[in-house]
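A.B. asks: Pasting in a structure now, in structure tokens, and then I'll have a few things to ask.
Each reported figure results from applying straightforward, stated rules to the coordinates on display, with no laboratory input. The structure displayed is predicted, hence computed values, not measured ones. We place every Cβ from the backbone using ideal geometry, glycine too, and count neighbours over all the protein chains shown.
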Amino acid sequence: MTQPLKASLGTMMQQSAYVLARPSVDSFERFERSGGAPQAFTYVAVVALVAGVFALLFNLGNAPFWAFLERSLVLVAGFATFAGVAYAFGRTQGGTGTFNEVAYTLSLSYVPIALLVTAGTIVLTIIPILGWVLIPVWLLLGWVAQAFYAYVGLQGSLNLRGSSNVVIVMAVSALAAWFVQLIVGWIL
């Protein structure tokens, strides 16, 4: 019988710092068995709640509670969809990793980047005119960072080394996640 995976949030933050500072397949593979999907979703849920609180406190609209709910649920739904589709579709492309490995390794980069993008967007929202112009650039930079780390992380967690396979898995997963986030955001 295998031992249950028990990575703490503190450990995951340290592992996140490591993979962000040393982005490589080896870095992600180093931690892929340190935790599993439950730890990944807990980590994502914590940052989703923090991002939701940011949205609640700095919401410029008339519905702060809905801003909290929308930001929190969109982050969790996007991550869950991306990880699930990446795992399922990645397996059809020759990937050999488990869902636990995929979810856990992806969370190590997703969480800090999502938090940074949320915080940066709030700061830019406060700066009149210049901030509003820079928000799309900031969001694009966040998307590029997420794509880069997902590319490296999927190579490690799915054991996919052909770059075209990884790009296909990422594209399908990103489209699915984007669609789900759009629907969740629209509903809220």
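A.B. asks: In units of 2.2 N^0.38 Å, what is the alpha-carbon radius of gyration of the chain?
C.D. replies: Dividing the Cα radius of gyration by 2.2 N^0.38 Å gives 1.03.
A.B. asks: Now for a different question. Long-range amide H contacts for Ala7: which residues qualify at under 5 Å (H placed 1.01 Å from N, peptide plane, sequence gap of 5 or more or a different chain)?
C.D. replies: When sequence neighbours closer than 5 places are left aside, the close amide H contacts are Gly36.
A.B. asks: Points 7 angstrom from Cα along the Cβ direction at Leu182 and Lys6: gap in nanometres?
C.D. replies: About 4.4 nm separates the two model spin labels.
A.B. asks: If you plug each phi of segment 146-163 into the Karplus form 6.51 cos²θ - 1.76 cosθ + 1.60 with θ = phi - 60°, what whole-Hz ³J(HN,Hα) values come out, in order, with x for Gly and Pro?
C.D. replies: In residue order, the calculated couplings are 4, 5, 4, 5, 5, 4, 5, x, 5, 4, x, 6, 9, 6, 9, 10, x, 4 Hz.
A.B. asks: While we're here: Pull up all non-local amide H partners of Asn59: gap of 5 or more, or a different chain, and H-to-H distance under 5 Å with H placed in the peptide plane.
C.D. replies: Hits under the 5 Å cutoff: none.
A.B. asks: If we sort 134-142, 115-123 on the protection proxy, mean other Cβ atoms within 10 Å, highest first, what's the order? Don't jump to the answer; show the numbers that get you there.
C.D. replies: Numbers: 134-142: 13.9, 115-123: 17.2.
For the peptides 134-142, 115-123, the packing ranking is 115-123, 134-142.
A.B. asks: I would also like to ask the following. Could you please state, rounded to a whole Å, how far the C-alpha centre of segment 67-83 is from the C-alpha centre of segment 39-60?
C.D. replies: With segment 67-83 and segment 39-60 each reduced to a Cα centre, they are spaced 9 Å.
A.B. asks: Next up: With θ taken as phi - 60° and the coefficients 6.51, -1.76 and 1.60, list the Karplus ³J(HN,Hα) couplings across segment 31-46 in order, rounded to whole Hz; mark glycine and proline as x.
C.D. replies: Working through the residues one at a time gives 10, 4, 10, 7, x, x, 4, x, 5, 4, 6, 5, 4, 5, 4, 4 Hz.
A.B. asks: Could you give me the ³J(HN,Hα) list for segment 174-187, computed from phi with Karplus coefficients 6.51, -1.76, 1.60 and θ = phi - 60°, whole Hz, x at Gly and Pro?
C.D. replies: 5, 4, 5, 5, 4, 4, 5, 4, 4, 5, 4, x, 5, 4
A.B. asks: Across the chain, where is the longest run that never hits trypsin sites (Lys or Arg not before Pro) in a DSSP loop with at most 12 other C-beta atoms within 10 Å?
C.D. replies: Numbers: sites that count: Lys6, Arg161.
Here the longest segment lacking exposed loop sites spans 7-160.
A.B. asks: Next up: How would segment 122-188 be classified by its alpha-carbon gyration tensor: rounded, prolate or oblate, with rounded meaning a/c under 1.5 and the a/b versus b/c comparison settling the rest?
C.D. replies: Note, shape of segment 122-188 comes out oblate.
A.B. asks: A follow-up question, please. Under a point-charge model restricted to the Cβ atoms of Lys and Arg (+1) and Asp and Glu (-1), what is the dipole moment magnitude of the chain relative to its Cα centre, in debye to the nearest 20?
C.D. replies: 140 debye
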